[in-house]
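The values are calculated or read from the model by the stated rules, or taken from the named source; none is laboratory data. Please read these numbers as outputs of a predicted model, since none were measured by experiment. All Cβ positions, glycine included, derive from the backbone under ideal geometry; neighbour counts span all protein chains shown. Surface accessibility is based on the protein's heavy atoms, side chains included, excluding ligands, DNA and RNA. Shrake-Rupley method; radii C 1.70, N 1.55, O 1.52, S 1.80 Å.
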Amino acid sequence: ILLLNAGHEATVHQTGNAIRTLLSLGNPAALLGGDDAVAATVEECLRYDAPLHMFTRYAYEAVELAPGTMLQPGEQVALLLGAANNDPAAFETPRRFDPSRADQKNVSFGAGIHFCIGAPLARLEMQAALKVLFERLPNLRLSEQPQYRDIYHFHGLERLMVEW
């Protein structure tokens with residue numbers, strides 16, 4: 001189930017989110033540069049509108065989160081990846097889409113021992129898919145307002161209607 005969710009569901013949602021973002025901004029041509037530009041655009045798409053906004057984990061040892069706030073062994077904590085990717089302490093103007101940003105360090109794939117094993121493949125799939133899509137359909141545009149699914153774990157689209 002983990003491999004299915006991580007290897008398919010998350011990539012499908014991220015690809016849809018990226019297409020929506022790029023078409024909403026009206027600048028998918030940013031992808032049509034060299035490989036470095038495509039890679040930077042994918043990284044910014046991952047940060048700007050990630051497919052997974054929350055993971056839960058259990059503490060193995062006592063951790064002081066803030067003065068007077070302790071997380072005890074066995075207690076569950078929710079990690080809000082979507083919020084971390086929009087932290088103004090980590091990203092300058094976090095709600096601005098900017099593939100050339102110098103502070104690119106999204107946490108969409110997690111971190112540490114829980115870093116997504118499929119991250120390199122997901123990045124490669126997105127780079128190839130977005131580049132081919134916008135090369136083949138340079139006049140692609142939204143035909144109606146995108147609709148997000150109302151689901152707990154994944155953040156993705158219900159519908160993305162386009163025309164060219």
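Structure summary
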read-out: Failed item in (1) under 30 Å from ALA59 (Cα atoms); (2) in contact (Cβ under 8 Å) with a residue 40 or more places away in the chain; (3) open to solvent by less than 70 Å² (accessible area, probe 1.4 Å), with ASP103 passing the rest; value: (2)
read-out: Spans of helices (runs of 4 or more DSSP H) in region 1-92 with at least 2 residues crowded, with 18+ Cβ neighbours inside 10 Å, touching a Phe, Trp or Tyr at 6+ places or on another chain (Cβ under 7 Å) and at pLDDT 90 or above; value: 10-25, 35-48
read-out: Yes/no for PRO51 being more than 13 Å from the chain's Cα centre (by Cα) and either basic (Lys, Arg) or closer than 19 Å to ARG123 by Cβ (or both); value: no
read-out: Looking only at region 154-164, and only at residues there that are hydrophobic (A, V, I, L, M, F, W, C) and either touching a Gly at 6+ places or on another chain (Cβ under 9 Å) or over 16 Å from PRO51 (Cβ atoms) (or both), the one that is least open to solvent (accessible area, probe 1.4 Å); value: LEU157
read-out: Residue check, PHE97 assigned to a loop (DSSP other than H, G, I, E, B), touching a Phe, Trp or Tyr at 6+ places or on another chain (Cβ under 6 Å) and aromatic (Phe, Trp, Tyr); value: yes
read-out: Candidates ILE113, ILE117 - the one that is open to solvent by 90 Å² or more (accessible area, probe 1.4 Å), among the β-branched types (Val, Ile, Thr) and assigned to a helix (DSSP H, G or I); value: ILE113
read-out: Unique residue being touching a Cys at 6+ places or on another chain (Cβ under 7 Å) and among the small types (Gly, Ala, Ser) when the list is ALA40, ALA18, ALA50; value: ALA18
read-out: Selection within region 120-153 - open to solvent by 90 Å² or more (accessible area, probe 1.4 Å) and either under 30 Å from ALA59 (Cα atoms) or hydroxyl-bearing (Ser, Thr, Tyr) (or both); value: LEU121, ASP150, TYR152
